[in-house]
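**Q** Provided herewith is a single structure, encoded as structure tokens, for subsequent inquiry.
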Amino acid sequence: MRALGQNPTNKDVIKILGNPSAEGKRLNFDAFLPMLKEVDALPKGSYDDYVEGLRVFDKEGNGTVMGAELRIVLSTLGEKMNETEIDSLMVGQEDENGSIHYEGPQPRWALNGP
């Protein structure tokens, strides 16, 4: 599913697939398609949702968060990301001070899409 542009949470995957046994890890297309449609119908985060989430970590209220702090959060909370995923997400986001500007006319992260 992720290779097809979907990004379900692990919780959503378990909900849709159940807890398959080792023998049941293969799916044919007819079984997969309804699952893909179900994942595609899940609510997606909006631009405002991402801004609101980043605002939680903006200690000074100036529209920036520290990249180092965001890396820690992404690797330790919720659906934990690995270092490679975080590096891929953070490419080009931090300024010379290590800050990420998430608000303003055109934040860098919005150029890549949330």
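The values are calculated or read from the model by the stated rules, or taken from the named source; none is laboratory data. Not measured: the values here are computed from a predicted model. All Cβ positions, even for glycine, are placed from backbone atoms using ideal geometry, and neighbour counts span all protein chains on display.
**Q** Would you please name the residue that is farthest from M1 (Cα to Cα), looking only at residues in segment 30-72 that are in a helix (DSSP H, G or I) and in contact with a Phe, Trp or Tyr (Cβ under 7 Å, 6 or more places away or on another chain)? Reasoning before the result, please.
**A** Just the residues of segment 30-72 that are in a helix (DSSP H, G or I), to begin with: 30-40, 47-55, 67-72.
Now drop any that are not in contact with a Phe, Trp or Tyr (Cβ under 7 Å, 6 or more places away or on another chain), which leaves 51, 54, 69-70.
Working: V51: 26, L54: 27, E69: 30, L70: 26 Å.
Across segment 30-72, the extreme among qualifying residues is E69.
**Q** Here's a follow-up. Looking at segment 14-34, is at least one residue surrounded by 15 or more Cβ atoms within 10 Å (Cβ to Cβ), on the phi < 0 side of the Ramachandran plot and within 16 Å of the chain's Cα centre (by Cα)?
**A** Within segment 14-34, not a single residue is surrounded by 15 or more Cβ atoms within 10 Å (Cβ to Cβ), on the phi < 0 side of the Ramachandran plot and within 16 Å of the chain's Cα centre (by Cα).
**Q** Something else about it: Go through (1) under 16 Å from the mean Cα position of the chain (by Cα); (2) more than 23 Å from V91 (Cβ to Cβ); (3) surrounded by fewer than 13 Cβ atoms within 10 Å (Cβ to Cβ) for A3 and report which single condition fails.
**A** The one condition A3 does not meet is (2).
**Q** Then there is this: Filter segment 50-86 down to residues that are without any contact (Cβ under 8 Å) to a residue 24 or more places away in the chain, charged (D, E, K, R) and either assigned by the TED database to the domain that holds N10 or surrounded by fewer than 17 Cβ atoms within 10 Å (Cβ to Cβ) (or both), then give me how many there are.
**A** So the count comes out to 7.
**Q** Still on this structure, I have one more. Pairs under 6 Å by beta carbon, first residue in a helix (DSSP H, G or I) in segment 13-29, partner at pLDDT 65 or above, six or more apart or different chains?
**A** I16/M35; I16/E38
**Q** Please go through segment 96-106 and give me each residue that is modelled with pLDDT of 90 or more and not in a strand (DSSP E or B), ordered by number.
**A** Result: E96, N97, G98.
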